[in-house]
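Colleague: Could you have a look at this structure, given as structure tokens, before my questions?
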Amino acid sequence: MAWSALTGPCVALLLLFFGLTSCTPSGPASATCATLEQSRFFGVFSSTTTLPSTPCSWTLQNPDPRRYTVYMKITKPTDSCVPRQIRTFQFDSFIETSRTYLGMESFDEVVRLCDASTTVTYLESSKQFLQIRKVAPRNGLEIVESDGSEFKAEFLVVGKRNPSMPACQMLCQWLEKCLSSSTHDYPCGIMSTPCQCWEAPKRKPGSCYRGGVYVEKCVGPVDGRGGHVLGLEAEDECGGGVQVRSRTCQPEDVVCEGTVEEGRACNPQACIGKPTQRNRSQGLRAIRILTFFRPSPCFLFPTEDSKTDEWSPWSACSITCGEGYQGRTRVCATSSFTAQCTGPLRETRPCSNVAVCPVDGAWDEWTPWSLCSSTCGRGYRDRTRTCKLPQNGGEPCRGPTRQTKFCNIAVCPVDGSWNEWSAWSACSASCSNGTMQRTRECNGPSYGGSECHGGWKETANCFLKDCPVDGRWHSWSSWGSCSKTCGGGIQQRQRACEGPFFGGEPCPGERGEQKRCNEKRCPEPHEICPEENTGDVVWKKTPAGDMAAIACPADAAGLILRRCSLDAVGLASWESPAHIKCVSKNYENIQTLSRDYISKAQMGQSVDGVAEVISRLRFSSDEGTKYSGDLLAIMEMLKNTTELYKGTRLRLSNADVVNYIQTISNLLKEEHHDKWEEVQLMGASVKEFFRLVEDFVNMLGVQMSGFQDVYEVTENFVLSIHKRPTATNSNFTFPVKGWRGMLDWVRNSEEKISVSRDALSIKESDGNDAFVTGIVLYRNLSSILSLQSNSSLLNSKVVTVIVNPTTTLLSSPVEIEFPHLHNREKKNQPPPSGSSLLGSWSARSCRSVPVHSFRTKCVCDSPSTFAILARVNFDSIMDKALLPSVTLIVGCGVSSLTLLLLIIIYVSVWKYIRSERSVILINFCLSIICSNALILIGQTQARNKVVCTLVAALLHFFFLSSFCWVLTEAWQSYMAVTGRLRNRIIRKRFLCLGWGLPALVVAVSVGFTKAKGYGTVNYCWLSLEGGLLYSFVGPAAAVVLGITVELLRGSASPGTHLDVCRPGHHRPRWPLPRCLFPWAPTSTHCHPTPVRATCRRCLNTPATPSP
């Protein structure tokens, strides 16, 4: 069995056929160093290449444990060996989540890699995976490996049925060596093989097989013709051989017919465990056929006799001791002319040696294998053999007298046990605090054993060094207070930088940040409500448009609000305090209770006691409310109660329904009229009230069992709820006058509401088998809603129609007939108006059918809240405040007539009074007359925004021109006194100052303000807001200052030389007596004197200043 002759071809063939596959094994010791062998039936590897580092693993996967068995041969290291560093296991599977090996079984007891008593060890694996793992040493020190610490391994996968011949040859060699080296302390790791491994004993000279029995001395028997068989010998013990035997012819005086030697095939069984030495196609070797003849007296030979050679010398005795044989031979030389040779060609004779033969020791047969030492788990069994002692100096028996191998006849319950912890992983952080981990695997449990106790992962903190920490900004602080309350201020905020530490970068960016605030214009002193003390309450200064707040009285919680607003003339004034945020203590307690119930319902907790809330709310509202905030609190509590009944399985009792309806009625008491007015003036809307009533009707309709009606009458509204099947045969009319307990206001009401049965057609396919109709007639809600508009009011009572399921458009319209509440000085809008839940009135989907001047019928296609909306007729009833007052008309009229008369007089005598001062006076009068006319017109055009803006701009222009013409007169007087008034160019300057400067100021003001502030809702003049008024006050103050300066300069300048005209000139005289016109101007210019006149000096008095 020469392994060297077959190792190379077989290994090369297996590697070429199956290939090499490596991937991550199931349950590796390390994810970075792991090898998995799959689909390989033979392989060789060394530890230095396969397990280069720690931890590391090599795993072989059995293709099918039911069909194959894995065998492994491990050549132990020749030098140093670290105990328990190389671990060998077999297991069924690996669970990654719990790091558990199922069916784990260790081979460390079998392998004993560091046991130097043997150089080679063998093992047998019958599970899914076979793993060799290299683990880190316990002390954590790195082991420096040398060439002598390397071990090599060979694995062989053999089929349990019909194993291949190459695999069996190798396995039988391993088994022979494993058993030969096994001891009681070191059993063989190969427990069983699927191959038939046997070996024939060694042949001795002269031995042979007879009948399958080995015979050491083969002496040929005498056949029927006296031929003696010299021997029958098998050339091969297996694989097909040839047995040969020879014989001699006896007696010598007869002729023996037949062959001297013959052969036959033998040992046809295949050789197992040994290489084949001969070609299997080789046939039997050629057999020499020799015929022996004896001479006969009657036989005639040819003339030439055959020649027989002489006998050869006797050969040496076949054995050196005991009895043996000697032989000799001769050759017969014959030809076609000679006779055959007579006599044998070969002769034998016995021989004996005096010396006694040594007899070697011989092994008896092996005894059967003993029983396994363990009833479950790994044990061992052995067998023995005895040696027949050698004689006469023979060789002793060679080989072991005992063979031991492992056995495993049954499985034992194996408790799970932890493997050693792996080495700690690298720190998760290269600096500062980090963590490191180590893991371990659980072996088992197997066959019903207990689980491993404890965790498979362990974490520990680690610290390598301090990390460089960059500076980090903390959150911005809140914005500080504005540096100014108005007019544009600055707000600042800061943030702190934490760090840097250990060489980190500083915080990027700025430490502080600022922004502008309070950009709104600062209110003028007249736009700020002053501080006001009313008893114990102090209202602080507040700009117009803002609200001030103080605490409510002791019997309420919340705040009292008070708004500062501008009046009609632009002055800030306080409005009345509003108590919409004040809630009385008794209502506050009920409100808190209802909010707690809502919170419990939202969290899914059971709610009990809602009926008590409704009852307490009803009795508290019966006693009345003290603040407008109480009304809003009651509405909130009713809304919360409705949500509780809709969101839970609670049901309303009859008492709850009565209390709920009575509470709604209490909200509409006449004593609450001023409180509703206060609520609406502060921005609240009655739309929430309508939504509250509609939600209650819908909720009550859902809880109504069967088809029934609810009819409730209170002092402030009447409610009717009907639940009917989808196919109803009756119409609904409302109100029902004959109902028991009917109040007088309902009995005397003239409203008629009719809902046709066709309007309530609902398809059953929608999943609804009933519908709910609710109708509400309010007694005095129209007076509350009228507070929302100054230009319109409700001219009827308010009716709400509710249909559930809600439909966008009804199949048949709802008809509501309203009597008018107001018939004088009111103008009803053409369509009746409905209100959506958004609170805006709209005539969409409604049309009016006038019955007569006192009644109107509304026909609407959708359910909602309805009423007749009336508009005040301003054509017949004009606000008297819009007409100019008598004083204003008389004053402006007299002033304008006087100035007009003055202009007429000036024009009539213009040739006598023509001068610069006269021109200035006429322009001044024109500006005053235009201003008076615009004042009278602007009082009646305040509602026309365009005309009012134009009137305000013209008034601004003419008022400024009046001041500018006064300044022009002062300028002219100064120039006349100083003698600088000599040509007409100066008059153009007067016109530019009187008309051009005002036009420039007005144009700039309009351009900057885009005409905003020209005209208000009450008058056509400059608004006090926005500072536009200073565009008039400023120039007017500058004109007054200029007049004062010019007068002072003129009075200080001497002018006596101006009284004398130069020769040939004179001053014209006033043609009328001065007693009549003392203010009449005197010409300041000297005119040429006619030639015919006598030349004289003209003495004239200074001009009289005009008024």
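Colleague: Whether any residue in region 706-726 is assigned to a helix (DSSP H, G or I), in contact with a strand residue (DSSP E or B) (Cβ under 8 Å, 6 or more places away or on another chain) and not charged (D, E, K, R) is what I want to check.
Modeller: No, region 706-726 contains no residue that is assigned to a helix (DSSP H, G or I), in contact with a strand residue (DSSP E or B) (Cβ under 8 Å, 6 or more places away or on another chain) and not charged (D, E, K, R).
Colleague: Now for a different question. May I ask you to say which residue of 512, 487, 444 is at positive phi, in contact with a Lys or Arg (Cβ under 9 Å, 6 or more places away or on another chain) and either open to solvent by less than 50 Å² (accessible area, probe 1.4 Å) or of a type in the set (Phe, Trp, Tyr) (or both)?
Modeller: 487
Colleague: State whether the residues of region 618-626 include one that is under 47 Å from the mean Cα position of the chain (by Cα), part of a helix (DSSP H, G or I) and surrounded by 17 or more Cβ atoms within 10 Å (Cβ to Cβ).
Modeller: no
Colleague: Check off (1) touching a strand residue (DSSP E or B) at 6+ places or on another chain (Cβ under 7 Å); (2) at pLDDT 90 or above; (3) open to solvent by 50 Å² or more (accessible area, probe 1.4 Å); (4) not hydrophobic (A, V, I, L, M, F, W, C) for residue 386 and give me the number that stays unchecked.
Modeller: Condition not satisfied by residue 386: (1).
Colleague: Specify which of the listed residues (1027, 1013) is modelled with pLDDT under 80, in contact with a strand residue (DSSP E or B) (Cβ under 8 Å, 6 or more places away or on another chain) and over 16 Å from residue 963 (Cα atoms).
Modeller: After ruling out the rest, the residue left standing is 1013.
Colleague: Consider residue 585 carefully, then state whether it is touching a His at 6+ places or on another chain (Cβ under 9 Å), more than 24 Å from residue 721 (Cα to Cα) and either without any contact (Cβ under 8 Å) to a residue 40 or more places away in the chain or basic (Lys, Arg) (or both).
Modeller: no
Colleague: With respect to the numbered conditions (1) free of Cβ contacts under 8 Å to residues at least 60 places away in the same chain; (2) among the aliphatic types (A, V, I, L, M); (3) open to solvent by less than 30 Å² (accessible area, probe 1.4 Å), which one is the sole condition not fulfilled by residue 598?
Modeller: All conditions are met except number (3).
Colleague: Just to be sure I understand the filter: pairs with C-beta atoms under 7 Å, separated by 6 or more residues or on different chains, first member in region 522-542 and under 22 Å from residue 489 (Cβ atoms) and of a type in the set (Ser, Thr, Tyr), second member open to solvent by less than 70 Å² (accessible area, probe 1.4 Å) and modelled with pLDDT of 90 or more. Which pairs pass?
Modeller: 542/529; 542/548; 542/564
Colleague: Need at least 2 residues that are surrounded by fewer than 20 Cβ atoms within 10 Å (Cβ to Cβ) and modelled with pLDDT under 65 per element, so show me which strands (runs of 3 or more DSSP E) inside region 775-845 make the cut, counting only ones lying wholly within it.
Modeller: Hits in region 775-845: 826-828.
Colleague: Restricting to region 415-453, and then to whatever is in contact (Cβ under 8 Å) with a residue 60 or more places away in the chain and not in a loop (DSSP other than H, G, I, E, B), can you tell me which residue is farthest from residue 470 (Cα to Cα)?
Modeller: Going through the qualifying residues, I end up with 446.
Colleague: A follow-up question, please. In the list 677, 694, 671, which residue meets the criterion of being over 21 Å from residue 718 (Cβ atoms) and either touching a His at 6+ places or on another chain (Cβ under 8 Å) or part of a helix (DSSP H, G or I) (or both)?
Modeller: 677
Colleague: Mind checking which residues of region 384-397 are under 15 Å from residue 359 (Cβ atoms) and assigned to a loop (DSSP other than H, G, I, E, B)?
Modeller: 389, 390, 392, 393, 394, 395, 396, 397, listed by residue number.
Colleague: Where in region 883-985 are there helices (runs of 4 or more DSSP H), lying wholly inside it, with at least 1 residues that are within 60 Å of the chain's Cα centre (by Cα) and either buried (at least 19 other Cβ atoms within 10 Å of the Cβ) or at pLDDT below 80 (or both)?
Modeller: Result: 945-978.
Colleague: Among the listed residues 69, 54, 59, identify the single one that is among the hydroxyl-bearing types (Ser, Thr, Tyr) and modelled with pLDDT under 90.
Modeller: The conditions single out 54.
Colleague: Can you work out which of the residues in region 64-81 that are under 55 Å from the mean Cα position of the chain (by Cα) and surrounded by 16 or more Cβ atoms within 10 Å (Cβ to Cβ) is farthest from residue 128 (Cα to Cα)?
Modeller: The residue in question is 72.
Colleague: Going by the conditions given, is residue 694 under 30 Å from residue 582 (Cα atoms) and open to solvent by 40 Å² or more (accessible area, probe 1.4 Å)?
Modeller: For residue 694, the condition - under 30 Å from residue 582 (Cα atoms) and open to solvent by 40 Å² or more (accessible area, probe 1.4 Å) - is not met.
Colleague: Checking residue 367 against (1) outside any loop (DSSP other than H, G, I, E, B); (2) open to solvent by less than 60 Å² (accessible area, probe 1.4 Å), which test does it fail?
Modeller: It is condition (1) that residue 367 fails.
Colleague: Looking only at region 670-689, which residues are open to solvent by 10 Å² or more (accessible area, probe 1.4 Å) and more than 20 Å from residue 865 (Cα to Cα)?
Modeller: Within region 670-689, 670, 671, 673, 674, 675, 677, 678, 681, 682, 683 qualify.
Colleague: Conditions: (1) modelled with pLDDT under 80; (2) surrounded by 14 or more Cβ atoms within 10 Å (Cβ to Cβ); (3) on the phi < 0 side of the Ramachandran plot. Residue 206 meets all but one. Number of the miss?
Modeller: Status for residue 206: all satisfied but (3).
Colleague: While we're looking at this one, here's another question. Could you say which residue among 521, 493, 516 is under 34 Å from the mean Cα position of the chain (by Cα) and either in a strand (DSSP E or B) or closer than 24 Å to residue 549 by Cβ (or both)?
Modeller: 493
The values are calculated or read from the model by the stated rules, or taken from the named source; none is laboratory data. These numbers come from a predicted model, not from an experiment. Note that each Cβ is placed from the backbone with ideal geometry, even for glycine, and that neighbours are counted across all protein chains shown. Surface areas here come from the heavy atoms of the whole protein model, side chains and all, with no ligands, DNA or RNA. Shrake-Rupley method; radii C 1.70, N 1.55, O 1.52, S 1.80 Å.
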